[in-house]
Amino acid sequence: MEPATGEGRCPHCRAFWEGGGNCPRCFHLQSLEGVLASFEMAGPARQAVHALKYRFVRALAPAMAPHLVCASSGHSFNAVFPVPLHRSREKSRGFNQAELLVQAAGWDAEPGLTRVRNTGRQVGMHERQRRANVAGAFRYAGRDLAGLRVALVDDVITTGATMQECAVLLRAAGAREVWGVAFARASYRVALPDAPIED
Ligand SMILES: [Zn+2]
């Protein structure tokens with residue numbers, strides 16, 4: 001599996017980027033302190049994400065979670081939020097894959113963040129559509145996060161629009177830092193903001 005670290009990537013969001021410094025897309029991810037991801041969304045890493053999410057192979061979570069722990073080593077988070085699904089989606093799937101990963105990593109899932117609007121599957125939407133699609137889709141009604149370093153966990157990060165939207169709310173609740181933590185980084189080499197994104 002290809003690690004989502006090292007040269008040729010944006011140091012902030014970990015997407016493929018050879019321009020040096022932060023990539024242009026990070027302009028839209030300003031509420032995130034950074035992205036910590038284990039693998040590029042390709043090959044076996046992609047198969048694992050899809051098997052967990054679409055074929056409901058829950059047994060994969062304990063195999064994937066240690067990579068999240070590894071990716072976030074050195075960061076001591078005060079609160080860990082799984083990126084929430086809308087309750088209708090969670091009901092039909094039977095679980096939230098982000099929550100499974102948080103539990104399997106041995107972290108306590110922090111309550112209070114919910115998805116109040118069903119945003120549907122974002123596969124095939126381009127960047128701007130994704131940002132519009134998740135705008136206002138979340139609510140935070142949890143504890144005061146003043147001064148805390150917070151993680152948002154998901155199986156895969158693609159444009160980062162979902163995590164950014166959640167991060168805005170957590171920052172508004174006082175969080176000092178909000179980090180995106182994901183098993184896979186679905187970065188894409190073609191810099192066309194209107195190109196549909198597969199993952
Ligand atoms: Zn970036």
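The values are calculated or read from the model by the stated rules, or taken from the named source; none is laboratory data. Everything quoted here is computed from the prediction, not taken from an experiment. Cβ: placed from backbone, ideal geometry, glycine included. Neighbour counts: every protein chain shown.
Values as computed for the structure displayed
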{"read-out": "Residues that are out of contact with any strand residue (DSSP E or B) (no Cβ under 7 Å at 6 or more places or on another chain) and among the hydroxyl-bearing types (Ser, Thr, Tyr), drawn from the range 140-161", "value": "158, 159"}
{"read-out": "Some residue of the range 38-50 being basic (Lys, Arg), more than 13 Å from the ligand (Cβ to nearest atom) and more than 16 Å from the chain's Cα centre (by Cα)", "value": "no"}
{"read-out": "Residue satisfying all of: in the range 1-20; farther than 18 Å from residue 155 by Cα and modelled with pLDDT under 90; nearest to the ligand (Cβ to nearest atom) among these", "value": "19"}
{"read-out": "Matching residues in the range 165-187 - criterion: being assigned to a helix (DSSP H, G or I) and buried (at least 24 other Cβ atoms within 10 Å of the Cβ)", "value": "166, 167, 170"}
{"read-out": "Any hit, the range 92-114, residues being in contact with a Pro (Cβ under 7 Å, 6 or more places away or on another chain), of a type in the set (Asp, Glu) and either without any contact (Cβ under 8 Å) to a residue 40 or more places away in the chain or more than 16 Å from the ligand (Cβ to nearest atom) (or both)", "value": "yes"}
{"read-out": "Scope the range 9-26; condition touching a Phe, Trp or Tyr at 6+ places or on another chain (Cβ under 9 Å) and among the charged types (D, E, K, R); matching residues", "value": "9, 25"}
{"read-out": "Pairs where the first residue, in the range 1-28, is assigned to a helix (DSSP H, G or I) and the second is of a type in the set (Ser, Thr, Tyr) and within 12 Å of the ligand (Cβ to nearest atom), C-beta under 8 Å, 6+ apart", "value": "25/159; 28/159"}
{"read-out": "Scope the range 22-37; condition within 12 Å of the ligand (Cβ to nearest atom) and either of a type in the set (Lys, Arg) or at pLDDT 90 or above (or both); matching residues", "value": "22, 23, 25, 26, 27, 28, 29, 30, 32, 34, 35, 37"}
{"read-out": "Unmet requirement for residue 60, which otherwise passes all of (1) among the aliphatic types (A, V, I, L, M); (2) buried (at least 17 other Cβ atoms within 10 Å of the Cβ); (3) away from the ligand (no atom under 16 Å from the Cβ); (4) in contact (Cβ under 8 Å) with a residue 24 or more places away in the chain", "value": "(4)"}
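Table: residues versus (1) of a type in the set (S, T, N, Q); (2) surrounded by 24 or more Cβ atoms within 10 Å (Cβ to Cβ); (3) touching a residue at least 12 places away in the same chain (Cβ under 8 Å).
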{"position": "122", "(1), (2), (3)": "yes, no, yes"}
{"position": "126", "(1), (2), (3)": "no, no, yes"}
{"position": "133", "(1), (2), (3)": "yes, no, yes"}
{"position": "137", "(1), (2), (3)": "no, no, yes"}
{"position": "141", "(1), (2), (3)": "no, no, yes"}
{"position": "144", "(1), (2), (3)": "no, no, yes"}
{"position": "159", "(1), (2), (3)": "yes, yes, yes"}
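Table: residues versus (1) crowded, with 20+ Cβ neighbours inside 10 Å; (2) in a helix (DSSP H, G or I); (3) modelled with pLDDT under 95; (4) on the phi > 0 side of the Ramachandran plot.
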site: 39; (1), (2), (3), (4): yes, no, no, no
site: 48; (1), (2), (3), (4): yes, yes, no, no
site: 51; (1), (2), (3), (4): no, yes, no, no
site: 56; (1), (2), (3), (4): no, no, yes, yes
site: 66; (1), (2), (3), (4): no, yes, no, no
site: 76; (1), (2), (3), (4): no, no, yes, no
site: 81; (1), (2), (3), (4): yes, no, no, no
